[in-house]
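Student: Dropping a structure here in structure tokens format, bear with me for questions.
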Amino acid sequence: MASMAGSSISMQPRHTLATTRVSGLKLVSFMNQGRSSLSFNLRPMPARLRISCAAKPETVDKVCAIVRKQLALPNDKPVTGDSKFADLGADSLDTVEIVMGIEEEFGIAVEEDNAQSITTVQDAADLVEKLCSEKSA
Amino acid sequence: MGASKGQKLSGLQKQVLSLYRGFLRAARSKPCEDRCQIESIVSAEFRRNSKQVDRKNFFYIEYLLRRGKKQLDQLKSPDTMGLSSLNVSSSQKQNAKT
């Protein structure tokens with residue numbers, strides 16, 4: 001119990017109020033789950049916090065490159081994390097192709113329900129990071 | 001279910017997209033050359049139908065879905081090497097193929 005409290009204090013100065021609240025919630029759930037392996041439960045916390053933040057710029061760039069290639073966009077057309085696939089001229093078939101291209105590039109499998117909720121580059125990058133971390137975990 | 005934001009897809013649209021995904025997945029298991037050919041035929045076919053078929057023509061879309069599923073099952077078999085398409089509207093091409 002003592003080590004738990006210590007970790008939550010060390011996190012507070014680095015993050016905003018919102019993340020502090022998140023870590024607080026996590027702590028509660030950990031206490032409920034099991035007190036048998038304290039150190040084991042504590043370690044994944046920073047990793048989980050990182051996932052809840054925005055995806056890494058490299059991932060966003062990679063996804064942008066795939067989108068650009070798949071839609072055959074000219075080089076002067078800007079593609080950023082906020083770009084919507086529909087605004088870039090992609091129809092639903094293009095979106096399927098983009099998701100398939102992402103699957104191959106990152107070596108992951110995107111479930112159908114998730115694949116249909118992706119509308120922006122940022123959505124795709126966030127999902128990629130989530131699936132990649134699940135795969136490595 | 002998943003599409004809470006953006007355009008809402010109908011059940012039929014989801015089935016079509018799922019079939020398209022199935023074809024692209026099946027194409028992955030084929031050798032590179034065949035794969036490229038399959039992908040271009042499948043993509044052209046879906047796009048052609050998406051433009052030509054009236055979106056309210058449910059019976060025809062359902063028929064195309066059933067036909068597509070059968071074709072996908074055949075494509076999935078390891079014996080199937082690739083696809084070929086016949087352009088029925090122009091009789092000259094058809095003769096050249098057969």
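Student: A 18 angstrom limit on the alpha carbon distance is what I want to check against. Which of B:K14/B:K76; B:K8/B:K56; B:K8/B:K70 exceed it?
Tutor: B:K14/B:K76; B:K8/B:K70
Student: So if R0 is 30 Å, what FRET efficiency would A:D82 and A:K135 give, r being the distance between their Cβ atoms, rounded to the nearest 0.05?
Tutor: Efficiency computed from Cβ-Cβ geometry: 0.70.
Student: Another question, if that's okay. Just the number, please: buried accessible area between B and A, total of both chains, 1.4 angstrom probe, nearest 100 square angstrom.
Tutor: Buried: approximately 1800 Å² between A and B.
Student: Short version: which residues of region A:60-101 lose at least 30 Å² of accessible area, all chains versus chain alone, 1.4 Å probe?
Tutor: Relative to the lone chain, where solvent access is computed with a 1.4 Å probe, region A:60-101 loses at least 30 Å² at A:S92, A:L93, A:V96, A:E97, A:M100.
Student: Which of the listed residues, A:C64, A:P78, A:L93, is farthest toward the dipole's positive end in region A:57-136, when Lys, Arg count +1 and Asp, Glu count -1 at the beta-carbon?
Tutor: Most positive-ward Cα: A:P78.
Student: Taking only protein heavy atoms and a 1.4 Å probe, what accessible area per residue, in Å², does region A:52-137 have with all protein chains in place?
Tutor: The answer is 51 Å² per residue.
Student: Summing Lys, Arg as +1 and Asp, Glu as -1, what charge do residues with Cβ under 11 Å from the Cβ of B:A27 carry, B:A27 excluded?
Tutor: Residues close to B:A27 contribute a combined charge of +4.
Student: About the Cα centre of region A:62-137, how large is the charge dipole given +1 on each Lys and Arg Cβ and -1 on each Asp and Glu Cβ? Please answer in debye to the nearest 20.
Tutor: For region A:62-137, the charge dipole is close to 320 debye.
The values are calculated or read from the model by the stated rules, or taken from the named source; none is laboratory data. Just so we're clear, the structure is a prediction, and the values are computed from it rather than from any experiment. Glycine also receives a Cβ, built like all others from the backbone with ideal geometry; neighbour counts cover every protein chain displayed. For accessibility, only protein heavy atoms count, side chains too; no ligands or nucleic acids. Shrake-Rupley method; radii C 1.70, N 1.55, O 1.52, S 1.80 Å.
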